[in-house]
1. Find the centroid of the Cα atoms in the stretch 135-207 and in the stretch 261-339, then give the distance between the two in whole Å.
2. Using the Cα centre of the chain as origin and beta-carbon charges of +1 (Lys, Arg) and -1 (Asp, Glu), tell me which of GLN372, ALA293, PRO332 is placed farthest towards the positive end of the dipole.
3. Does a label point 7 Å from the Cα of ALA329, set along Cα-to-beta-carbon, have any residues of the stretch 79-107 with amide nitrogen under 20 Å, and which are they?
4. Quick one: if the Förster radius is 35 Å, what FRET efficiency do LEU212 and GLN26 give, using the C-beta to C-beta distance and rounding to 0.05?
5. Given a Förster distance of 22 Å, report the FRET efficiency between GLU135 and LEU18 from their Cβ-Cβ distance, rounded to the nearest 0.05.
6. Say each of ALA181 and ASP316 gets a label point 7 Å from the Cα, pointing the same way as Cα to Cβ; how far apart are those two points in nm?
7. What does the charge count around ARG244 come to, taking other residues whose C-beta lies under 15 Å from its C-beta (Lys +1, Arg +1, Asp -1, Glu -1)?
8. Quick check: Cα centre of the stretch 2-25 to Cα centre of the stretch 212-257, how many Å?
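Every read-out reported here was derived from the displayed coordinates using simple, explicitly stated rules and does not represent laboratory data. Computed from a prediction, not measured in an experiment: that's the story for all the values here. Cβ: placed from backbone, ideal geometry, glycine included. Neighbour counts: every protein chain shown.
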Amino acid sequence: MRIACVLIPALPLAVELLERPALRGQPLIVAGAPEEAHTVLACSAEAAAAGVRSGMPLRSARAFCREGLFLAARPAIYHARHERMLDALAAISPLVEAAEPGCAYVGLDGLVGMPRAGVQALFPDEGAAAVALAEAAEQAIALRPQVGVAGGRFAARAAALAAPAAAPLIVAATDAAPFLAPLPVELLPFAEPELRRLAWLGLRTLGDLAALPRTAVAAQFGATGDRAWALTQGIDPVPLAPRRPPAELCDQLTFPRPVVEAQAVIAAARHVLIRLLRRPERAARAARGLTLALTLDGGGRWERRLTLHEPTADGDRLLRLLAARLDGASFPAAVEALTLVLHDLCGETGLQGSLFTSRGRQLPELRTALAQLCARFGRPAVQTIVGVEPWSRLPERQYALIDYDPSTSHGPFA
């Protein structure tokens, strides 16, 4: 399958610069949310030149870049733009796989080709399809992505990273290995210790690794090394995993003014939950999970998810579980809006009962079923454990299995 990678490198930074263009050219560091232990979410080229990297603790980032300008992360805004981009791409192709924020893979099968008997492709070639994807994403989020097309995710992403914003980069199937050869090994799915080992071995580029025997790489790095060697050859057989429309319902409430009390959030959640349960598309369907997402003052995001043992449409039960999760919670900032999502809607509204509850009603039914099995197979179909020599020191002599006869009153179902 030919795959297009639609990529906006460092989406958080791109969003911040879109809203504050005067900051361009400065060493910018977008700081992660408090629950991420204050790590670097994205940084500008100027900060990267000073040694700052994504995922680095802020303390280290400050040490590397004393002149850096630190911006508070707004994950709710970044997530919303990423979802809008995915929706825009899905309007062109149903084969859209979501990756990290700002990145998506799109399958081009069926979109590109010459007209055939009664079949008209949407685009004459891959370049036209890639341009259409870029324009759709730009129209949705006001940011122009880079697009690369190749025969797999890895090569397509590498092409997108190398592509200018003005035009897509198309890598033919026969050109994948030569195109990848001069690129750095840091693109491979290796953890930091493995990357250091590659550096110690003098392997700097994908071509250096591709020149080694596949068995030698697998012996050094295991299954990850075997897959990495195949990627350097342009071999990426794992198919796309297109996102499916979620079986969920979502509703939102914006507060007239920001609130900080958990009780106010619970009251708002009750109001939104009642609205969700009354919607026609929820009829005769129960939820297996519930997510509460709060948009904080300044664009931050606070989220809690509940996974239920049994699907339910009982609003009181859902609210009790949510209130218990919020009991004593403190928010990093005032809450501006609340979003409630019912997950994994299904038609299973019944509860799984216990086998041995209501014994007076169920045990006669069990005895009848066992008698029918015995008649069907001509022999007892169930065995029971009985004590033989409980005083024996040998466990195998203490108990024995015997056939259970439903016609008698003996056995575990008596």
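1. Answer, in whole Å: 40.
2. Going by the charge dipole, the pick is GLN372.
3. Counting backbone N atoms under 20 Å from the label point, the list is 79-80.
4. That gives a FRET efficiency of 0.25.
5. 0.80
6. Label-label distance for ALA181 and ASP316, simple model: 7.3 nm.
7. Value of the local net charge: -4.
8. With the stretch 2-25 and the stretch 212-257 each reduced to a Cα centre, they are spaced 22 Å.
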